[in-house]
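Written below as structure tokens is the structure these notes are about.
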Ligand code: NDP
Ligand code: 8X3
């Protein structure tokens, strides 16, 4: 029987790349995100290319009710899940704390921390029932370091780092693997979302050096997921070669 992966935030960037990678490896997929048109188009494409089954579920991870209703509403066969990629997340703004936008703060906290918690609460129980599973959390270099004006985004990713450690401790007795992946700069829709559609400002983030692309991270996630069952990679930082720390990027 094919294995199953649930990928949150599969409508773009790293999540979408993970969907391609896991489908290529023969996994059936549950793909989530808010943009249903993108989920449906991706599902069709993956089904045609790799002959895998793809279920799509559109919800906002910030809504506890939507998360529980949509995930618990999936047919029982989809709950025999092997891998959860907790990827849905975003940054909003890049402002000093004294000028911070309250709505931006709440969006980041609700998405990156609370959304990840809601999904994990539901899916970890399926994994406990199944007696196995692997949760892969998308942290960030921003969860290891703090950079000027990154304040709240960095705090949310530090929270993911802490939750990753906590999940590992709580789930180890159930044989469930837990991993955090912490990328440096990856060129996706991330900066466009951070700068609220300002494509020029977003493009500048990646100018003068070669950033990671979503596939670099997806292949790393696949490496982590495909280790033998007795191996748990707990924490992994992946950076562009030109980036040494959150702020030290060599641009030519
Ligand atoms: P993208 O903006 O390209 O993709 C983000 C994904 O998250 C989209 O599929 C989006 O789907 C989903 N998402 C955002 N908010 C919600 C929500 N409220 N409910 C459901 N889904 C949501 O960014 P990336 O692929 O770069 O980011 C993926 C993860 O990687 C994030 O957690 C990010 O913090 C992390 N990361 C990114 C780095 C980078 O440099 N790009 C570096 C380190 C970590 P939709 O809008 O359809 O809901
Ligand atoms: C995304 C990477 O450095 O923009 O998490 O915070 S960074």
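Every number in this text was worked out from the coordinates using simple rules, so none of it is lab data. These numbers were taken from a predicted model, which means no experiment stands behind them. Every residue, glycine among them, receives a Cβ derived from its backbone with ideal geometry; neighbour counts consider all protein chains shown.
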- line: Quick calc of log₁₀ I(q)/I(0), the chain, Debye, one scatterer on every Cα, no solvent, q values 0.10, 0.12, 0.16 1/Å, result -0.45, -0.66, -1.21
task: Please give, to one decimal in nm, the separation of the simple spin-label points placed at residue 25 and residue 125, each 7 Å out from Cα toward the Cβ.
output: 2.8 nm
field: Point-to-point label distance, residue 231-residue 251, nm (Cα→Cβ direction, 7 Å offset)
entry: 3.8 nm
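State whether the range 128-252 is rounded, prolate or oblate according to the following rule on the C-alpha gyration tensor (a ≥ b ≥ c being the square roots of its eigenvalues): a/c under 1.5 gives rounded; otherwise a/b larger than b/c gives prolate, and the remaining case gives oblate.
Details: a/c = 2.37, a/b = 1.91, b/c = 1.24.
Prolate, since a/c reaches 1.5 and a/b exceeds b/c.
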field: Mean separation of Cα contacts under 8 Å (6+ apart) over length of the chain, as relative contact order %
entry: 19 percent
message: For a quick check, take a GNM of the chain with Cα springs below 10 Å and name the residue from 129, 179, 21 with the largest mean-square fluctuation.
response: 129
- prompt: Beyond 22 Å, what percent of the Cα pairs of the range 52-162 remain?
  reply: 38 percent
message: How many angstrom lie between the Cα centre of the range 143-168 and the Cα centre of the range 38-53?
response: 33 Å
Spacing of the two label points (7 Å from each Cα toward its C-beta) at residue 53 and residue 244, in nm: 5.1 nm
- prompt: For the chain, what is the calculated [θ] at 222 nm in deg cm²/dmol (nearest 500), taking -39500 (n - 2.57) for each run of four or more DSSP H residues and dividing by its residue count?
  reply: -12500 deg cm²/dmol
field: Of 126, 78, 222, the one that fluctuates the most in a GNM where the chain has Cα springs shorter than 10 Å
entry: 222
Computed over the range 14-69, Kirkwood Rh from alpha-carbon pairs, angstrom: 11.6 Å
